[in-house]
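Step one of this worksheet: look at the structure below.
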Amino acid sequence: MHQSNHAAMHVQGMDMQGMQKSPPAKGVASTSYKATGTVKAADPAAGSVTLAHGPVRALNWPAMTMTFLVKEKALFNKLVVGKPVNVEFVSQGGKYVVTAVN
Ligand SMILES: [Cu+2]
């Protein structure tokens with residue numbers, strides 16, 4: 001599965017940074033990251049969403065398609081397949097969890 005290769009895949013893409021990213025906001029309990037992407041698949045029942053996201057500089061991630069968990073069901077209202085989104089996410093127990101969608 002993609003999830004298990006995730007860290008290894010991300011290590012390779014350090015030269016794929018095309019965008020300026022804001023640093024994480026101060027005062028947030030756990031570090032949250034921002035990504036811009038397009039929704040490829042949404043599965044409210046499983047609480048997961050697949051995003052084709054752009055580079056995430058703070059994590060040295062290249063642009064790629066991957067599955068995130070989604071923190072709250074209400075966020076699926078904004079996670080529409082084919083729609084471009086800006087998401088905030090956190091790393092939690094080795095998984096990436098979307099906490100906000102803009
Ligand atoms: Cu990824």
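The values are calculated or read from the model by the stated rules, or taken from the named source; none is laboratory data. Computed from a predicted model, the values in this text were never measured in an experiment. Note that each Cβ is placed from the backbone with ideal geometry, even for glycine, and that neighbours are counted across all protein chains shown. To get the accessible areas, we keep the full protein, side chains included, count just its heavy atoms, and leave off ligands, DNA and RNA. Shrake-Rupley method; radii C 1.70, N 1.55, O 1.52, S 1.80 Å.
Within the range 65-75, being surrounded by fewer than 19 Cβ atoms within 10 Å (Cβ to Cβ) and either among the hydrophobic types (A, V, I, L, M, F, W, C) or more than 15 Å from the ligand (Cβ to nearest atom) (or both) holds for Leu69, Lys71, Glu72, Lys73, Ala74. The requirement of being open to solvent by less than 70 Å² (accessible area, probe 1.4 Å) and at pLDDT 75 or above is not satisfied by Ala8.
The residues of the range 49-58 that are small (Gly, Ala, Ser) and either open to solvent by less than 20 Å² (accessible area, probe 1.4 Å) or over 17 Å from Ser91 (Cα atoms) (or both), listed by number, are Ala52, Gly54.
For the range 11-23, enumerate the residues that are modelled with pLDDT of 55 or more and either within 14 Å of the chain's Cα centre (by Cα) or under 16 Å from Gly94 (Cβ atoms) (or both). Of everything in the range 11-23, just one residue is modelled with pLDDT of 55 or more and either within 14 Å of the chain's Cα centre (by Cα) or under 16 Å from Gly94 (Cβ atoms) (or both), namely Lys21. On the stretch given as the range 55-93, residues that are under 15 Å from Tyr33 (Cβ atoms) and assigned to a loop (DSSP other than H, G, I, E, B) total 5.
Gly37 meets the stated requirement of being out of contact with any Ser or Thr (no Cβ under 7 Å at 6 or more places or on another chain), modelled with pLDDT of 95 or more and buried (at least 17 other Cβ atoms within 10 Å of the Cβ).
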